[in-house]
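Inspection log for the structure reproduced underneath, given as structure tokens.
The values are calculated or read from the model by the stated rules, or taken from the named source; none is laboratory data. Just so we're clear, the structure is a prediction, and the values are computed from it rather than from any experiment. FYI the Cβ positions are ideal-geometry reconstructions off the backbone, even for glycines, and counts take in every protein chain you see. In case anyone asks, the SASA skips ligands and DNA or RNA and just uses the protein heavy atoms, side chains included. Shrake-Rupley method; radii C 1.70, N 1.55, O 1.52, S 1.80 Å.
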Amino acid sequence: ESCAKDGSGTDPVQNMSQSIEVLDQRTQRDLQFVEKMEVQLKSLENKFRAVEEGHETNLARQYKSIKAKMEELRPLIPVLESYKADALLVRQFKEEAANVTELLGGLQEQLGGLDYQDLHTRVTSLEERLRACMQRLACGKLTGIAEPITIKTSGSRFGSWMTDPVAPPGDNRVWYMDGYHNNRFVREYQSMYDFMTTDNFTSHRLPHPWSGTGQVVYNGSIYFNKFQSHTIIKFDFGTSLISRSRQLDFAGYNNMYHYSWGGHSDIDLMVDEGGLWAVYATNQNAGNIVISQLNPNTLQIVRSWTTNHPKRSAGEAFMICGTLYVTNGYSGGTKVYYAYSTNSSTYEYIDIPLTNKYSHLSMLDYNPRDRALYAWNNGHQVLYNVTLYHIIQ
């Protein structure tokens, strides 16, 4: 929406300024908290070093207590560093919003036609960057997965189900796909309540059958892997037409590089706070997982990361805040044990238990709007709430 010449275009900027003000206050408050913690941390480190070098005599109990506190606080050091950078970013946003507001005031007095387009571009750019900043500040590292909530018992052993993470307010439709091949019918339920309590649904026939359980519904379209191919299809539910189709170059398909449970699960599409992703494997990367961020309109690869984790050894995987989390298996005792961060291009081994209530996972996907994992667990549709570690609440 372009700015109207009567000056009504100031509203988005004022709203933005208010958002930035709130964000700035929260940032400053939390920054003071973290800086105080940094002082404590340094003090503890000095004490700890002194004890290590034997310059002080301490009881063993005090020594253990200090050591435990150090271990607890040590992970906060990188958080502090990135937090200082975020605080600087908020200050820059504040200055830029003030500049745009001043420019708007001037434009109200002298109605220059071309200046409005320039202004609109600047406001839009600022809005996008502010949204990305707030998204990043709200993001975090996975620290826990709650006990599962069984929503429904239906379908075969394999399948997928989801809601659209960017659907407009009031659109709570549930999308449901039974099986991992030889099916092209997507069920649409009007709400989670309808899905839980009834079998009333609308059926959508896709132009091709899908492969695996890696489909995702995003912004009114379903993205899926066409059966027996490495083609990604974007199908618009509104028009019932394919709006884009593109090959995912070099991606293994047709059970070449599936998850450990099989089921043509070579290509897994997913959405997190950063947008649309494809997780797959290639010969070039020796069958190890490749993560690609996709442009949701063109399906072109924006950027790719190669990991050292064999795709066939992964039980299931999901993205949260730009990090791929991988489970150690799909049946019996299951845990999330490997994490690859696209933000830093690094990986680590972790240990986060995942209750595999019905003993067979064939789909596990994160929804950034619900902050929950959707799972297909042996003919049961299940939700897991997740805990993310971040400073700004």
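A few remarks follow.
- Test: residue in the range 203-215 that is under 22 Å from H380 (Cβ atoms), surrounded by fewer than 21 Cβ atoms within 10 Å (Cβ to Cβ), in contact (Cβ under 8 Å) with a residue 24 or more places away in the chain and not small (G, A, S): no
- Residue in the range 348-377 that is surrounded by the most Cβ atoms within 10 Å (Cβ to Cβ), counting only those that are out of contact with any Lys or Arg (no Cβ under 8 Å at 6 or more places or on another chain), touching a residue at least 60 places away in the same chain (Cβ under 8 Å) and outside any strand (DSSP E or B): P368
- Scope the range 146-164; condition surrounded by 20 or more Cβ atoms within 10 Å (Cβ to Cβ) and under 20 Å from the mean Cα position of the chain (by Cα); matching residues: S160, W161, M162, T163, D164
- So G287, is it in contact with a helix residue (DSSP H, G or I) (Cβ under 7 Å, 6 or more places away or on another chain), more than 24 Å from W376 (Cβ to Cβ) and not acidic (D, E): yes
- Residue tally, condition more than 21 Å from F224 (Cβ to Cβ) and either open to solvent by 20 Å² or more (accessible area, probe 1.4 Å) or touching a Ser or Thr at 6+ places or on another chain (Cβ under 6 Å) (or both), over the range 304-314: 6
- Filtered by the rule that a residue be in contact with a Lys or Arg (Cβ under 8 Å, 6 or more places away or on another chain) and closer than 17 Å to Y330 by Cα, the range 234-265 gives Y257, H258, Y259, S260.
- Residues satisfying the stated conditions in the range 252-303, i.e. in contact with a Gly (Cβ under 9 Å, 6 or more places away or on another chain), β-branched (V, I, T) and crowded, with 23+ Cβ neighbours inside 10 Å: I267, V279
- Within the range 281-303, being over 17 Å from the mean Cα position of the chain (by Cα) and within 16 Å of Y325 (Cα to Cα) holds for A281, N288, I289.
- Within the option set Y337, Y330, being touching a Phe, Trp or Tyr at 6+ places or on another chain (Cβ under 7 Å), assigned to a loop (DSSP other than H, G, I, E, B) and under 23 Å from V290 (Cβ atoms) holds for one residue only, Y330.
- S221 being closer than 20 Å to Y374 by Cα and buried (at least 19 other Cβ atoms within 10 Å of the Cβ): yes
- Qualifying residue in the range 381-393 (condition: open to solvent by less than 10 Å² (accessible area, probe 1.4 Å) and hydroxyl-bearing (S, T, Y)): yes
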